Amino acid sequence: MLHHKVALRPDLTLPKKLGSTKLIVVGSYRTGGAGKTPFCLWLAKRLSQPQNGPHTKGVAILCHSYAYDEIQMLREEIESLGDGGKQTGTSNFIEVIGTGNRHRTVLQLLQRKTPPAYIICDDGFEDSRLTGAVNIILRWKEDLPSEGGGIGQLWPAGPCRSLPEDHPQGESTLNLSCEDHIEFHIDRIANAQGESLPQSLGRFHRARAVCGIGSPKRFLKDLDSFGIPTADNRLLKDHDRSFPKKLAALLEQFPGDAIIITQKDACKLDEKMRNHPNVFTVYQKVSVSLSAIHHIDLLLAGS
């Protein structure tokens, strides 16, 4: 928290009134792998619908520029909506922006002739300059077994970069359980040719998961629940820029294996490697309970 109190200069806050724009910060106490990015996409799609207000003004999703693979994944998902914007990652209503300074970018968006109706920050919960925001916190029971877990829960000893007691829990904060309110599950596993990977593995000797994400153990658990047995998996660090090189080596070394990767990791690859028939991408689906949707609507209506 020292970084946020000193380096981020909390005196440089946003204007007390953001006009008609609503600022939403989607955060988590854990260091990564909470599901913030797919949830931000789900939320942006929902808020861009006509029944959710002045949608022609748009929704902007802000991601840290370091997370280049997440930015690309969001842009590809938005392009698939059929609204164009292949170069900028924009649809008629949703825009994805990579930034190293969310506070400055929010100010720039507010200064537009027509600011977006909603600005969604993918992460940035600890940035004390983002005043006036509503906070949606994604919680995993495995990360915080109890309130006040203590300093032992903080990275590098634990999975968290801050704790609930570090943040005020007011009316502008909504905690959502990823076990009870939000479900992240596998929709399909397919290669670029549209071939699905069967549970029997079909033509392959074995399936090997290769991922560079924040929560690789959960990815392996999801594959197991989907009925795909994996072996000799390769777990790399989040946002690993050497991912394509390491994947190419595995494809050459094990030509009889199916290589299973995440959507985010697929965004690290060039077209030739994505089109390799042995590379299978896991496509995830996000489901949000009606109760959670109701609480989100109330939170935004009151902001």
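For the range 204-231, name all the residues that are surrounded by 12 or more Cβ atoms within 10 Å (Cβ to Cβ) and over 23 Å from Pro38 (Cβ atoms).
Selection gives Phe204, His205, Arg206, Arg208.
Scanning for something of a type in the set (Ser, Thr, Tyr), at pLDDT 75 or above and assigned by TED's automatic domain parsing to the domain that holds Gly35, does the range 75-90 turn up at least one residue?
Pass one, the range 75-90, residues of a type in the set (Ser, Thr, Tyr): 80, 88, 90.
So of that shortlist, the ones also at pLDDT 75 or above come out as 80.
When the remaining residues are screened for being assigned by TED's automatic domain parsing to the domain that holds Gly35, the result is 80.
Yes.
Name the pairs whose Cβ atoms lie under 9 Å apart, with the first residue in the range 179-201 and in contact (Cβ under 8 Å) with a residue 12 or more places away in the chain and surrounded by fewer than 12 Cβ atoms within 10 Å (Cβ to Cβ), the second part of a loop (DSSP other than H, G, I, E, B) and of a type in the set (Lys, Arg), and 6 or more positions between them or separate chains?
Between residues of the range 179-201 that are in contact (Cβ under 8 Å) with a residue 12 or more places away in the chain and surrounded by fewer than 12 Cβ atoms within 10 Å (Cβ to Cβ) and residues that are part of a loop (DSSP other than H, G, I, E, B) and of a type in the set (Lys, Arg), the close pairs are Glu179/Lys141.
Considering only the range 26-44, I want to know if a residue exists there that is under 21 Å from the mean Cα position of the chain (by Cα), over 23 Å from Trp140 (Cα atoms) and at pLDDT below 95.
Checked the range 26-44: no residue is under 21 Å from the mean Cα position of the chain (by Cα), over 23 Å from Trp140 (Cα atoms) and at pLDDT below 95.
Is there a residue being part of a helix (DSSP H, G or I), under 24 Å from the mean Cα position of the chain (by Cα) and at pLDDT 95 or above anywhere in the range 162-174?
The answer is no; no qualifying residue exists.
Kindly indicate which of Thr99, Thr131 is at pLDDT 90 or above and not charged (D, E, K, R).
Thr99
Of all residues in the range 267-299, which are in contact with a helix residue (DSSP H, G or I) (Cβ under 6 Å, 6 or more places away or on another chain) and either among the small types (Gly, Ala, Ser) or over 24 Å from Gly202 (Cα atoms) (or both)?
Cys267, Lys268, Leu269, Val286
Within the range 213-242, restricting attention to residues that are in contact (Cβ under 8 Å) with a residue 40 or more places away in the chain and touching a helix residue (DSSP H, G or I) at 6+ places or on another chain (Cβ under 7 Å), which residue is farthest from Ser196 (Cα to Cα)?
Out of the qualifying residues, it is His239.
Name the single residue, out of those in the range 266-303 being among the charged types (D, E, K, R) and out of contact with any Phe, Trp or Tyr (no Cβ under 6 Å at 6 or more places or on another chain), that is surrounded by the most Cβ atoms within 10 Å (Cβ to Cβ).
Arg274
The values are calculated or read from the model by the stated rules, or taken from the named source; none is laboratory data. Because the structure is predicted, anything quoted here is derived from the model rather than measured. Glycine gets a Cβ as well: all are built from the backbone with ideal geometry, and neighbour counts include every protein chain shown.
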